[in-house]
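The values are calculated or read from the model by the stated rules, or taken from the named source; none is laboratory data. Please read these numbers as outputs of a predicted model, since none were measured by experiment. Glycine gets a Cβ as well: all are built from the backbone with ideal geometry, and neighbour counts include every protein chain shown. With ligands, DNA and RNA removed, areas are computed over all heavy atoms of the protein, side chains included. Shrake-Rupley method; radii C 1.70, N 1.55, O 1.52, S 1.80 Å.
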Amino acid sequence: MSMLSRIRNAPVMSWLALCHWVYCGIILIKYPHLGFTVYFTLVVLSQTERLLRALQGPDEVPLIPHPWLPFLGHVLGMFWYGASYFARVNEKTNAPIFALQTLNTRTIVVTSPHLAAPIQRASKNTSFYGMILEVTRRLVDFDAKSMDIIKWNIDNEHGHDEGLMNEAQHMIASMLSPGPTLNQLATIQLDKFSEILNNLVPGSKSIELSLMDFVKQTFTTANASTIYGPQNPFAMYPELVQAFWDYERGMIAVMADICPWITAGKPWKARKAINDALQEFIEKGYYRNASPLIQKRVAINLKHGLTPKMAGRAELILLFGIIGNAVPSTFWFLANVFARPDLLALIREESSKAVHCSLNATTGKKEKVISVEVLKTRCPLLVSTYRESLRLIANLASVRLVTNTHTISAPSFSPILLRKGDMIQIASGVIHVSEPVWGHDAKTFNASRFISETTTSEQFSTETGSHVSAEQTATKLPKNVPSAAYRAFGGGSVICPGRHFAQTEIIGFVAMCVHMLDIVDTKSGGTMPLPERDNRRIPLSVMKPKVEPQVKIRRRPGEDDVVWRLEL
């Protein structure tokens, strides 16, 4: 490559470094004495991180100096490269754990699942909520009094059962664990999907829209109705469906909290509209017709002193949890299936065993019912494809704040010192594509990765209590992959409590689409293209596509007059 080509292709960071040294050279020539002082100062500053690394003890996390801009360089890198920055640094270091100097704190990046395991366990030396609550405040606009209520006893200094956060978390975990309450929610959700899809594409009609919009419209409507009841904000004000996704798209700008009404006008106005509707949802008592989960959640928030206004805002976080991750996860699952005709055919064949046909005696119409229980226990390729889809898009790091200096240890590793004030990020995106963990094809999609030869179904046995003999079943993880390596739902003491509900709704929805619908490219009428992931976007949920594929959705041949339903 010629020198001119190298200059043209140099990354932005290199251009800034070049300008920095050219400027120093001009100062040095024009003002020799002043120039020498400036030059000396800049040289010392540029070597500060290397000096800090040299002074480290043998048990400390190795510091990776930024090559030309100490203290700020890694921060800019995270904003510039987004979700891919940790992977870029890891390619050069190939270290299981390393530290980045980010302003006046250290960010500890964990890229080994063997070290992630001891870090993510519940510990008095680390705090999850100490990291996440400031983000929460900015995202939903809690006031100071509410934050004091929420923060009280978040690290269990007054016992494990005291405080709003402890009570709310225990309640949510119990209600979303496998059992009658979860089954009731899942049944309502599956019925809602059935209603929406049968009405959305009736008979021989077709619709054209982006695949992401198809999933957004369906899941926002269904989830809000199931969880928040018939008087949920999206049912009362349908325009808020679009407002929610306007807000989601601009959450980072809102979170920056720099005059957001100016710097992030559209998402800020969208958030205000949603918050106003959620306040009304609480004040008018609409929550009393919602699911038991919401009835108890609102009661807990009000009991601990949140005002109706702030209790409404608290629901924005849960809305994001039940919709914000489910939508892109379902999008990628659908995209991976419908962009691969061979895989689509195999999944249709495999999951046909879950379809039961009958004739409705009242309407005279043919009905086809899909059993999600059968999908879970007897359709390993479908379940494996779901897990593999999540593996390649779940890039959000698990965070912890070190509250006390302590040492961790793991097999085959020397003791590692973590200092009070360190911010830990378990780099899910790096771990999910690690060849030492997942094998030589770690960076590529392999639909059957989570299938193994076994005699019982391990995947959902804790949810269903059933054991199914089969030649192949979907297991939790491939052989020799450590449990902390699969981080689609986080891990350790703060694993996502809604993961069981999410698995049921997403697998059921995709199976219904597979049997009921054809989804093709709008322009060509053929197989839709597989979208490329947007690695540059800073994720607050799973990764998004660079471009959302435009698709035509219609009934499959012979399914025009069939009524499809999902059942648990």
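Of K216/K353; K92/K443; K192/K479; K368/K476, which sit over 26 Å apart, Cα to Cα? In this structure, K216/K353; K192/K479; K368/K476 exceed 26 Å between Cα atoms.
Per DSSP H run of at least 4 residues, take -39500 (n - 2.57); add these up for the chain, divide by its residues and hand me the 222 nm value, nearest 500 deg cm²/dmol. When only DSSP H runs of four or more count, the value is -15000 deg cm²/dmol.
Probing with 1.4 Å while keeping every protein chain in the model, the per residue accessible area of region 398-450 equals 44 Å². Label sites at K309 and L103, each approximated as a point 7 angstrom past Cα along Cα to Cβ, lie 2.8 nm apart.
Just the protein heavy atoms count here, and of the accessible area of the chain at 1.4 Å, carbon and sulfur take up 57 percent.
Work out how much length R288 to D161 would gain on full extension: take 0.36 nm times their residue separation and subtract the Cα-Cα distance, in nm to one decimal. Provide the component values of the computation, followed by the final result.
Working: separation 127, 0.36 × 127 = 45.72 nm, distance 2.52 nm.
Result: 43.2 nm gained on full extension.
Length gained on full extension, Q169 to S448: 97.0 nm, using 0.36 nm per residue less the C-alpha separation. Rounded to whole numbers, the Karplus 3J(HN,Hα) couplings from phi for region 312-319 are x, 5, 4, 6, 5, 5, 5, 4 Hz, using 6.51 cos²θ - 1.76 cosθ + 1.60 with θ = phi - 60°, and x at Gly and Pro. For W245, the solvent-accessible surface with a 1.4 Å probe is about 10 Å², rounded to the nearest 10.
For the pair E239 and F71, a Förster radius of 45 Å applied to the C-beta separation gives a FRET efficiency near 0.50, rounded to the nearest 0.05. You can think of it this way: the chain between S358 and A144 has 71.2 nm of extra reach, that is 0.36 nm per residue less the Cα-Cα gap.
Rounded to the nearest 5, the antiparallel percentage of DSSP beta bridges internal to the chain is 75%. Straight-line cross-link reach from K309 at under 21 Å between alpha-carbon atoms covers these lysines, not counting any fewer than eight positions away in the same chain: K145, K151, K269, K272, K284, K296.
Please give the per residue accessible area of region 479-568, computed with a probe of 1.4 Å over protein heavy atoms only, in Å².
Values: 3800 Å² over 90 residues.
That works out to 42 Å² per residue.
Out of all Cα-Cα pairs in region 150-281, roughly what percent, to the nearest whole number, are more than 23 Å apart? The share of Cα pairs beyond 23 Å in region 150-281 comes to 55 percent.
If you model region 329-459 as an ellipsoid using its alpha carbon gyration tensor, with each semi-axis the square root of five times an eigenvalue, the axes come out at 42, 17, 15 Å, biggest first. Spin-label model, K366/V547: points 7 Å from Cα along the beta carbon direction are separated by 3.8 nm. What is region 501-553 by shape, rounded, prolate or oblate, if you read a ≥ b ≥ c off the alpha carbon gyration tensor as root eigenvalues and call it rounded for a/c under 1.5, prolate for a/b larger than b/c, and oblate otherwise? Here region 501-553 falls in the oblate category.
Put simply, the amide H of F128, placed in the peptide plane, has neighbours under 5 Å in L401, leaving out anything fewer than 5 places away on its chain.
Calculated over the chain, the projected area of the Cα convex hull averaged across directions stands at 31.1 nm². Among the trypsin sites (Lys or Arg not before Pro) found in region 105-134, those both in a DSSP coil and sparsely packed, with 15 or fewer other Cβ atoms within 10 Å of their Cβ, are R121, K124.
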